[in-house]
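Below you'll find the structure, written out as structure tokens, and then a few comments.
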Amino acid sequence: MDPYADLRDGVRKLCARFPETYWRKLDEEEAYPEAFVEAMTEAGYLAALIPEEYGGAGLGVAEASVILEEIHRSGGNAAACHAQMYVMGTLLRHGSEEQKRRYLPAIARGELRLQAFGVTEPDAGSDTAAIRTSAVRRGDRYVIHGQKIWTSRALYSDLMLLVARTTPLEAVRRRTDGLSIFLVDLREAVGKGVTIRPIRTMINHHTCEVFFDGLEVPAENLIGEEGQGFRYLLDGLNAERILIAAECIGDGYWFIEKATQYAKERVVFGRPIGQNQGIQFPLAQAYAHVRAADLMRFEAARRFDAGLPCGPEANMAKLLAADASWEAANAALQTFGGFGFAREYDIERKFRETRLYQVAPVSTNLILAYIAHKVLGLPKSY
Ligand SMILES: Cc1cc2nc3c(=O)[nH]c(=O)nc-3n(C[C@H](O)[C@H](O)[C@H](O)COP(=O)(O)OP(=O)(O)OC[C@H]3O[C@@H](n4cnc5c(N)ncnc54)[C@H](O)[C@@H]3O)c2cc1C
């Protein structure tokens, strides 16, 4: 018995209103899924992780991951809205009571969107401690200069969580000291020190460059303590890894279901192509890997929701799930043959979409480095 059967059923019903044709059209037009995000917000799914006392559903990461998995399993893509789930965790865990009361209920009601998270910079890449965007305190404000890249959904979000240096890298004892997290109200900031430029990409992801030129942020928008931002960031990453793993798992099941169905129906040389082991085995192998990743996802989520350390499990879930979805994508494309390249089957769209998880939000190499160093105790390689 699946403990999440009712939840799955509810999300599936909502997703059925947004079929593959909906996502295909958005992809072609590079448009934002407004109607879908609105429906998800209205149904309360995007407030899954907001505690009930702030107007949310008060669910755990396990449930949140099931919601995202089902979106991907339906042929859709949660990238337009998933960040709200994990970004607000930083506010929830490290924000002041006043910040929480001010923002969380409005986010839960759908009046405010907190969808943007600005960490990556062009010259720092995976090395977050090397970021240069600076926030300098001037009286009751911070003045921000610098640049972010790959800030997804910045054009569709009211609020952005921004990581900036409050102490220059040269002046800190440990490289990870001196980073701070701010809540930036983009509605006020654009045109007054913030410029946002979309980046065209191989997928419909609404990701942007964000330039800061003297943006003034009220000091009360600092989250937690100045200089502790790296620690807060790490805290939120485990939830992010688990939720992204769930999206990969949803993709993996979608590819395998589509390909299996097609392999049963497509007849070549007088028999269904699915009768050939050359078609069966890659699908069976990918399915086994998706299932294994699925179990690791729930183990990571169980530990996270119980307040136990879950860094290794969250990272392994993301690694295994991203590899499994990519393997399933390849097996599905091969099964569909030439038709896999035709847009009307959606395989090529999902193939492009699921490839992202090898790189973002954290690349496979960086997870392997984490496991080697933190779990196996091997020397740090970077
Ligand atoms: C579509 C999209 C959306 C994104 N959304 C966001 C967002 O909303 N917010 C945000 O802050 N960021 C976002 N990102 C950025 C994403 O997190 C980074 O792309 C990712 O962390 C990798 O950084 P990089 O692209 O600078 O690659 P780099 O750090 O330059 O790495 C390039 C390659 O080198 C490898 N590499 C680097 N160092 C090592 C090492 N020591 N050992 C082994 N291999 C290494 C990496 O694994 C990678 O394969 C997004 C990216 C994309 C493409």
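The values are calculated or read from the model by the stated rules, or taken from the named source; none is laboratory data. Note that the structure is a prediction, hence the values are computed from the model and not measured. Here the Cβ positions follow ideal geometry from the backbone for every residue, glycine too, while neighbour counts run over all protein chains shown.
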Where Asp123 falls short, out of the listed (1) assigned by TED's automatic domain parsing to the domain that holds Phe211; (2) touching a residue at least 24 places away in the same chain (Cβ under 8 Å); (3) out of contact with any strand residue (DSSP E or B) (no Cβ under 8 Å at 6 or more places or on another chain):
(2)
Is region 151-170 home to any residue that is more than 13 Å from the ligand (Cβ to nearest atom) and closer than 15 Å to Ala189 by Cβ?
yes
Test: Ala317 is within 16 Å of the ligand (Cβ to nearest atom), within 21 Å of the chain's Cα centre (by Cα) and surrounded by 14 or more Cβ atoms within 10 Å (Cβ to Cβ)
no
Just to confirm my filter: which helices (runs of 4 or more DSSP H) fall fully inside region 1-113 and include at least 3 residues that are farther than 20 Å from Leu237 by Cβ and among the charged types (D, E, K, R)?
5-16, 20-29, 34-42, 97-109
Do any strands (runs of 3 or more DSSP E) lying entirely in region 139-243 carry at least 1 residues that are within 30 Å of Val66 (Cβ to Cβ) and without any contact (Cβ under 8 Å) to a residue 12 or more places away in the chain, and which ones are they?
none
I'd like to verify a number: residues in region 296-309 that are of a type outside the set (D, E, K, R) and surrounded by 13 or more Cβ atoms within 10 Å (Cβ to Cβ), how many?
5
Pro361 passes all but one of the listed conditions (1) surrounded by 19 or more Cβ atoms within 10 Å (Cβ to Cβ); (2) touching a residue at least 24 places away in the same chain (Cβ under 8 Å); (3) more than 22 Å from Val61 (Cα to Cα); the exception is number (3)
Which of (1) buried (at least 18 other Cβ atoms within 10 Å of the Cβ); (2) within 12 Å of the ligand (Cβ to nearest atom) is the odd one out, the single condition Glu209 does not satisfy?
(1)
Which members of region 108-142 meet the condition of being aliphatic (A, V, I, L, M) and either surrounded by 16 or more Cβ atoms within 10 Å (Cβ to Cβ) or within 12 Å of the ligand (Cβ to nearest atom) (or both)?
Ala108, Leu112, Leu114, Ala116, Val119, Ala124, Ala130, Ile131, Ala135
